[in-house]
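Let me begin by presenting the structure, written as structure tokens, before commenting on it.
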Amino acid sequence: MQQKTTVKHQTYNDGILEYYQVEPTYNDAKRKIGEKKVKLGFLPYDKAYKRNQDITFAESNSKKLDVKVKIPKMKFDTNWIVSIDNVFYECYLCEDSDPFCNYLYLQRVTL
């Protein structure tokens, strides 16, 4: 008789986020005239619950926790900008305590 093997893996069913690096743009005189977004890639994500301790942590760092998402484990730079449904967010914390995924703490920004 054949045994069934179950594989437990993370699912990311809430959508696809895009992440960008913001680079300064300069004029001919080497003066900064603005910034441009350079798209680095796409990631699937799953929305995560915002716990009271997450909100307290954000407020203690003078930030606002608008969205908390779970992404597959990778090296994620907190200087990158995240776009979800054409809304831009600043990532101010990438929690990597889970061995299979990262949690991103996102605050809405205007670009």
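The values are calculated or read from the model by the stated rules, or taken from the named source; none is laboratory data. Keep in mind the model is a prediction, meaning the values are calculated, not measured. We place every Cβ from the backbone using ideal geometry, glycine too, and count neighbours over all the protein chains shown. For accessibility, only protein heavy atoms count, side chains too; no ligands or nucleic acids. Shrake-Rupley method; radii C 1.70, N 1.55, O 1.52, S 1.80 Å.
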- Message: Tell me yes or no: at least one residue of segment 102-111 is closer than 19 Å to residue 12 by Cβ, out of contact with any His (no Cβ under 7 Å at 6 or more places or on another chain) and open to solvent by 40 Å² or more (accessible area, probe 1.4 Å).
- Response: yes
- Message: With the structure loaded, tell me whether residue 83 is of a type in the set (Gly, Ala, Ser), farther than 25 Å from residue 11 by Cβ, out of contact with any helix residue (DSSP H, G or I) (no Cβ under 8 Å at 6 or more places or on another chain) and open to solvent by less than 90 Å² (accessible area, probe 1.4 Å) or whether it fails that test.
- Response: no
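Okay, residues lined up against (1) at pLDDT 90 or above; (2) closer than 21 Å to residue 107 by Cα; (3) not aliphatic (A, V, I, L, M):
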residue	(1), (2), (3)
8	no, no, yes
20	yes, yes, yes
32	no, no, yes
35	no, yes, yes
39	yes, yes, yes
- Item | In segment 15-53, the residues that are of a type outside the set (A, V, I, L, M), open to solvent by 70 Å² or more (accessible area, probe 1.4 Å) and not in a strand (DSSP E or B) | 28, 30, 31, 49, 50, 51, 52, 53
